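Trainee: The structure follows.
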Amino acid sequence: MIDINRTIPAVISRVASLTENQAIRIATFKKDRHITIRRVGEATLFITRHGFTNAEYELDEAKLKKELKTLLKQEFPRSNKVHLSSVSNG
């Protein structure tokens, strides 16, 4: 579990080290809502939202920081801590 304020820098550093088809998941304390970020290409990421809004879309790695800020406000509005974990196949 990490503090919500440290989530964006932690995610960006982990995403930089991901190889193709590896992913990381950001989840609430209860783990009922989550965001999964999967690398699908050299600079392309596939984001899956499962929470208040369910959506899937591709994103350039350069736009990740701005998008994460928006996603965290929408999906985790009252959270102070989040789980950050690696996902191998899903």
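Every read-out reported here was derived from the displayed coordinates using simple, explicitly stated rules and does not represent laboratory data. Worth saying up front: this structure is predicted, and the values here are computed from it rather than measured. Neighbour counts run over all protein chains shown; Cβ positions are idealised from the backbone, glycine included.
Trainee: Using only Cα atoms and rounding to the nearest 10 degrees, what angle (0 to 90) does helix 64-75 make with the longest principal axis of the chain?
Mentor: 30
Trainee: Could you work out the helix-only [θ] at 222 nm for the chain, with each DSSP H run of four or more residues adding -39,500 (n - 2.57) and the total divided by the number of residues, to the nearest 500 deg cm²/dmol?
Mentor: So the calculated ellipticity at 222 nm is -7500 deg cm²/dmol.
Trainee: Work out the charge dipole of region 2-87 with +1 on the Cβ of Lys and Arg and -1 on the Cβ of Asp and Glu about the Cα centre, then indicate which of ALA27, ILE47, VAL15 is farthest towards its positive end.
Mentor: ALA27
Trainee: Moving on. Take the Cβ-Cβ distance between GLU56 and ASP32 as r, set R0 to 25 Å, and report the resulting FRET efficiency rounded to the nearest 0.05.
Mentor: Here the calculated transfer efficiency is 0.85.
Trainee: May I ask for the angle, rounded to the nearest 10°, between helix 7-16 and the longest principal axis of the chain, with both axes built from Cα atoms and the value confined to 0 to 90°?
Mentor: Roughly 20 degrees between the two axes.
Trainee: Let me spell out the model: positive unit charges on the Cβ of Lys and Arg, negative unit charges on the Cβ of Asp and Glu, origin at the Cα centre of region 2-87. What dipole size does that give, in debye rounded to 20?
Mentor: In debye, rounded to 20, region 2-87 gives about 480.
Trainee: Let me check I've understood the local charge: for HIS50, count other residues with C-beta under 15 angstrom from its C-beta, Lys and Arg +1, Asp and Glu -1. What total comes out?
Mentor: Working: positive: ARG25, LYS30, LYS31, ARG33, ARG38, ARG49; negative: ASP32, GLU56, GLU75.
Every neighbour counted, the sum reads +3.
Trainee: From zero outward in steps of 10 Å, how is the percent of C-alpha pairs of the chain spread across the bins?
Mentor: Bins of 10 Å from zero give 17, 58, 24, 1 percent of pairs.
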